[in-house]
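Participant: My questions all concern the structure below.
Nothing in this text is a laboratory measurement; each read-out follows from the coordinates by a stated rule. Just so it is clear, the model here is predicted, and its values are computed rather than measured. Counting neighbours? That spans all protein chains shown, and the Cβs are built from the backbone with ideal geometry, glycine included.
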Amino acid sequence: MSEKTPEKDAVVKKNFIRQIIEEELKEGKNDGRVHTRFPPEPNGYLHIGHAKSICLNFGTAQEYGGITNLRFDDTNPSKEETEYVESIKKDVRWLGFDWGEREYFSSDYFDNLYAFAVKLIKADKAYVDDQDAETISAQKGTPTRPGFESPHRERSVEENLDLFERMRGGEFNEGEKVLRAKIDMASPNMHMRDPILYRIMKTPHHRTGDKWCIYPMYDFAHGQGDYWEGITHSICTLEFEVHRPLYNWFIDQLKEGEYRPRQIEFARLNLTYTVMSKRKLLELVKENYVNGWDDPRMPTISGLRRRGYTPESIRNFADRIGVTKVDGMIDVALLEHSVREDLNKKAQRVMGVLNPLKVVITNYPEGQVEELDAVNNPENPDAGKRKVPFSKEIYIERDDFMEDPPRKFFRLAPGREVRLRYAYYLTCNEVIKDESGEITALHCTYDPETKGGNSPDGRKVKATLHWVSASNNVEAEVRLYDRLFLDEEPDGHKDRDFKEFLNPDSLTVLKKCYLEPFVKDAKPLDSFQFERLGYFNVDPDSSTDQLVFNRTAPLRDNWSKFKGK
RNA sequence: UGACCCGUGGUGUAAUUGGCAACACGUCUGGUUUUGGUCCAGAAGAGUCCAGGUUCGAGCCCUGGCGGGUCAACCA
């Protein structure tokens, strides 16, 4: 356990939720239990915002010796699917969290919920309303104007019981009747104005099949699930703040002893240059702006995984951004920093040329091949060394040569000497062009005295270039990713659709890239650092005869910054 | 004309719960370097939304403003 990560090292900052928990612990509340839950609706893939919530729920419980349930909030059969359930479980596990045997579904509680509804009716705290959605909505008033009561509000308990029973029996059509709580139509809080508890939906459910044709609303299911599972802290996002009085109202009707779950809200994650709403992400997928939920440009957990992000890097990121009630916007640079930091420690180094320029070393013996020593990871001596083949013809990066270099360009240019990493000093003598003036090759000479990259006379070079042998390499496809949107907050503009800000160059596919032979047996998701370029991992699209790499993140690069000025 | 929540460098979080604002990212210098990476050293950048008040002392407490967000789905 000598490995140092911010995760382990960080002085654990006490966010406001931990402060609340510690105060409660001091008071002896819940017998010292801390029990949280992560409650996704299985109607889409998880994204980095959910990762924040997952880390918060599981991490907080862990810290206080508690546990966390996974609960699928599946009260709306028209949107929810088993495919999403599976992807969610995979993502939570991949992030490194375990819910043990405690895998629940809101649909597990349909019987209990029904019984609870009957109890409310008997207590004259719920009634069946025959009005249609528009009428009910109109009666609800507005945030600034109170609502007025439904003409069916004072039905007898017997009639309500009968009607509700028949709703369940399938006697009515969708929209004909709903069950509502009888609370206060004049409440300043809209959610307390006789909220709907049950609606009729003649849609089969992914788990209960056609057993039910009435389904509970979120508000009528969530808190009760918390209560029945013994949840102590029900952590959710800010927009549920106004639901809290209703959450508590239901718990009040339900609770028998002292115990009650407590809802606490925190600010959801917003990241620059992306969108985070499931609806918008679904739109990108459905309309083929990206290639599926796990497209490496997506902020989904599956997308980040495919892109080459590690669970550690995401957890560290979640740690760093903290937890508050301030609705802010995190710079995506912080996310990128988190992967680089993690991959810098772990990634196998390798040389790869993305935009090849051929170099002929005129004084190197024809047909000779040398196996040169290369360090696998300078950050980790235990990673050892490997051999890289060197030959008369090699490829270098086109960007590493300029015929007419500006000041501050340290790399190869006519008459200039540079180092080929782990190989020799190289001097450019001649630039070969085709009839259109395009540079097609360089004729260079090497200094045999500089094998390994050091000159016996101590002469210095200003640059070290990566290279790949032209005769012994692996050809691969490399996919370069840039931010999906050109605007910091694509969905932050009134009257403009977020898709207007899509970056047309968010994906660049390079078909003929040359990598050193070391990568030939790489498996999907394996991460590498292509020296001087960035972190890359193997895409699942790879096959044995066609390797495909994704660029996870480029290396920090002062030259390109300078160049851009 | 409502209710609830929020307001600390460019961004995100801290501040021993009242003792003259710290850390990270980003930015900019410089050093080391066989990755223009990493690493190291340093700098700029907020006087805590505003105005009053309490106090020896306020980012923390009180009052009043201002600004932002959320709430009017038979979605979650």
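Participant: Any chance you could list P(r) for the range A:27-67, counting all Cα-Cα pairs in 10 angstrom bins from zero, rounded to whole %?
Facilitator: Calculated over all Cα pairs of the range A:27-67, the distribution is 29, 42, 21, 8 percent.
Participant: Just how large is the dipole of chain A about the Cα centre, in debye to the nearest 20, putting +1 at every Lys and Arg Cβ and -1 at every Asp and Glu Cβ? Mind dumping the intermediate values first?
Facilitator: Details: 85 positive and 98 negative charges, 300 e Å.
My answer is approximately 1440 debye.
Participant: Provide the FRET efficiency to the nearest 0.05 for the A:Asp541-A:Asn173 pair, computing r from the beta carbons and using R0 = 41 Å.
Facilitator: 0.30
Participant: Taking the beta-carbon count within 10 Å as an exposure proxy, list A:Ser391, A:Ser313, A:Ser471 from fewest neighbours to most.
Facilitator: In increasing order of surrounding Cβ atoms, one gets A:Ser471, A:Ser391, A:Ser313.
Participant: What is the angle, in °, between the Cα long axis of helix A:244-254 and the longest principal axis of the Cα atoms in chain A? Nearest 10 is fine, range 0 to 90.
Facilitator: Taking Cα atoms only, the helix is inclined about 50 degrees.
Participant: Nearest 10 degrees, 0 to 90: what angle lies between the long axis of helix A:218-229 and the longest principal axis of chain A (Cα atoms)?
Facilitator: Value to nearest ten degrees: 90.
Participant: Right, something else. Expected output is a single nm value to one decimal: the length gained when fully extending between A:Thr208 and A:Asp331, i.e. 0.36 nm times separation in residues minus the C-alpha distance. What is it? Show your work: numbers first, answer last.
Facilitator: Working: separation 123, 0.36 × 123 = 44.28 nm, distance 4.26 nm.
Working it through step by step, the gained length comes to 40.0 nm.
Participant: If I model a spin label at A:Asp184 and A:Lys563 as a point 7 Å from the Cα along the Cα→Cβ vector, what separation in nanometres do I get?
Facilitator: Label-label distance for A:Asp184 and A:Lys563, simple model: 6.5 nm.
Participant: Find the relative contact order for the range A:1-154 and round it to a whole percent, using C-alpha pairs within less than 8 Å whose residues are 6+ positions apart. Working shown, then result.
Facilitator: Details: 125 pairs, mean separation 27.7, N = 154.
18 percent.
Participant: Given labels modelled 7 Å from the Cα in the Cβ direction, how far is it in nm from A:Arg279 to A:Arg320?
Facilitator: If labels sit at A:Arg279 and A:Arg320, their model points lie 3.2 nm apart.
Participant: Averaged across orientations, what area in nm² does the convex hull of the alpha carbons in the range A:22-138 project? Kindly include the intermediate steps, with their values, before the conclusion.
Facilitator: Working: hull surface 44.0 nm².
Averaged projected hull area, Cα only: 11.0 nm².
Participant: Mind scanning A:Lys408/A:Lys460; A:Lys511/A:Lys563; A:Lys433/A:Lys512; A:Lys387/A:Lys511 and naming the pairs with a C-alpha gap bigger than 22 Å? Could you put the intermediate results ahead of the total?
Facilitator: Details: A:Lys408/A:Lys460 16 Å; A:Lys511/A:Lys563 26 Å; A:Lys433/A:Lys512 20 Å; A:Lys387/A:Lys511 25 Å.
Long pairs (Cα-Cα over 22 Å): A:Lys511/A:Lys563; A:Lys387/A:Lys511.
Participant: Work from the charge dipole of chain A (Cβ charges, +1 for Lys and Arg, -1 for Asp and Glu, about the Cα centre) and give the residue of A:Pro378, A:Leu70, A:Leu161 farthest towards its positive end.
Facilitator: Of the options given, the answer is A:Pro378.
Participant: Using per-residue counts of other Cβ atoms within 10 Å, averaged over each peptide, order A:361-370, A:193-202, A:36-45 from highest down. Write out the running numbers ahead of the final one.
Facilitator: On the way: A:361-370: 12.7, A:193-202: 19.9, A:36-45: 22.9.
Ranking, from highest mean packing down: A:36-45, A:193-202, A:361-370.
Participant: Give me the number: length gained by fully extending A:Lys26 to A:Leu555, i.e. 0.36 nm times residue separation minus the C-alpha to C-alpha distance, one decimal in nm. If you can, show how the numbers build up before the last one.
Facilitator: Details: separation 529, 0.36 × 529 = 190.44 nm, distance 4.71 nm.
Result: 185.7 nm gained on full extension.
Participant: Let me ask something else. Can you order the peptides A:461-470, A:349-358 by their average number of other Cβ atoms within 10 Å per residue, highest first? The partial results should precede the final answer.
Facilitator: Details: A:461-470: 20.1, A:349-358: 21.9.
Descending mean neighbour count gives A:349-358, A:461-470.
Participant: Can you quote the Å³ per residue value for the convex hull of the Cα atoms in the range A:349-472, rounded to an integer? Could the numbers behind the result be given before it?
Facilitator: Details: hull volume 15.0 nm³, N = 124.
Each residue corresponds to 121 Å³ of Cα convex hull volume.
Participant: What value in Å³ per residue do you get for the convex hull of the alpha-carbon atoms in the range A:6-266?
Facilitator: Details: hull volume 36.2 nm³, N = 261.
Roughly 139 Å³ of hull volume per residue.
Participant: When the helices in chain A are scored as -39500 (n - 2.57) per DSSP H run of 4 or longer and the sum is shared across all residues, what 222 nm value do you end up with, to the nearest 500 deg cm²/dmol?
Facilitator: Values: 14 runs with 148 residues, N = 565.
Computed mean residue ellipticity for chain A: -8000 deg cm²/dmol.
Participant: Only sites in a loop by DSSP and with at most 13 other Cβ atoms within 10 Å count here; which GluC sites (Glu not before Pro) in the range A:71-139 make the cut?
Facilitator: Numbers: sites: A:Glu80, A:Glu81, A:Glu83, A:Glu86, A:Glu101, A:Glu103, A:Glu134; in loops: A:Glu80, A:Glu81, A:Glu101.
When the GluC sites (Glu not before Pro) of the range A:71-139 are filtered for loop state and at most 13 Cβ neighbours within 10 Å, A:Glu101 remain.
Participant: Kindly give the semi-axes, whole Å and largest first, of the ellipsoid equivalent to chain A, taking each as the square root of 5 times a Cα gyration tensor eigenvalue. Intermediate results must be reported in sequence, preceding the final value.
Facilitator: On the way: eigenvalues 748, 117, 80 Å².
One finds semi-axes of 61, 24, 20 Å for chain A.
Participant: Separate question: Which residues does the label zone of A:Phe148 cover in the range A:111-139, counting backbone N under 19 Å from a point 7 Å along Cα→Cβ?
Facilitator: A:129-139, by backbone N distance to the label point.
Participant: Taking the Cα centre of the range A:201-269 as origin and charging only Cβ (+1 Lys, Arg; -1 Asp, Glu), how large is the dipole, in debye to the nearest 20? If you can, show how the numbers build up before the last one.
Facilitator: Details: 8 positive and 10 negative charges, 47 e Å.
The dipole magnitude comes to about 220 debye.
Participant: Roughly how many debye, to the nearest 20, is the charge dipole of the range A:86-201 about its Cα centre, given +1 on each Lys and Arg Cβ, -1 on each Asp and Glu Cβ, and no other charges? If you can, show how the numbers build up before the last one.
Facilitator: Details: 18 positive and 23 negative charges, 83 e Å.
Here the range A:86-201 has a charge dipole of around 400 debye.
Participant: Next up: Using a Förster distance of 45 Å, how high is the FRET efficiency between A:Glu258 and A:Glu287, based on the Cβ-Cβ distance and rounded to 0.05?
Facilitator: Numbers: r = 52 Å, r/R0 = 1.15.
Once rounded, the FRET efficiency stands at 0.30.
Participant: Below 8 Å, C-alpha to C-alpha, sequence gap of six or more: please give me the relative contact order for chain A in percent.
Facilitator: It rounds to 11 percent for chain A.
Participant: List the extent of the Cα atoms of the range A:277-418 along each of their three principal axes, largest first, rounded to whole Å.
Facilitator: Over the range A:277-418, Cα extents along the principal axes are 65, 39, 33 Å.
Participant: Could I ask something else about it? Where does each of A:Trp559, A:Trp212 land when they are ranked from fewest to most other beta-carbon atoms within 10 angstrom? Numbers along the way, then the final one.
Facilitator: Values: A:Trp559 14, A:Trp212 22.
Going from sparsest to densest Cβ surroundings: A:Trp559, A:Trp212.
Participant: Modelled label-to-label distance, A:Lys346 and A:Lys13, 7 Å Cα→beta-carbon offset: nm?
Facilitator: Placing both labels 7 Å beyond Cα along the Cβ direction yields 2.4 nm.
Participant: With a 10 Å radius around each residue's Cβ, average the other Cβ atoms per peptide and rank A:176-182, A:547-553, highest first. Walk me through the intermediate numbers first.
Facilitator: On the way: A:176-182: 21.0, A:547-553: 22.7.
Going by the mean number of other Cβ atoms within 10 Å, highest first, we get A:547-553, A:176-182.
Participant: Using the count of nearby Cβ atoms within 10 Å as a rough guide to exposure, how do A:Ile321, A:Ile235 rank from fewest to most? Mind showing how you got there, number by number?
Facilitator: Working: A:Ile321 19, A:Ile235 22.
Ordered from fewest to most neighbouring Cβ atoms within 10 Å, A:Ile321, A:Ile235 come out as A:Ile321, A:Ile235.
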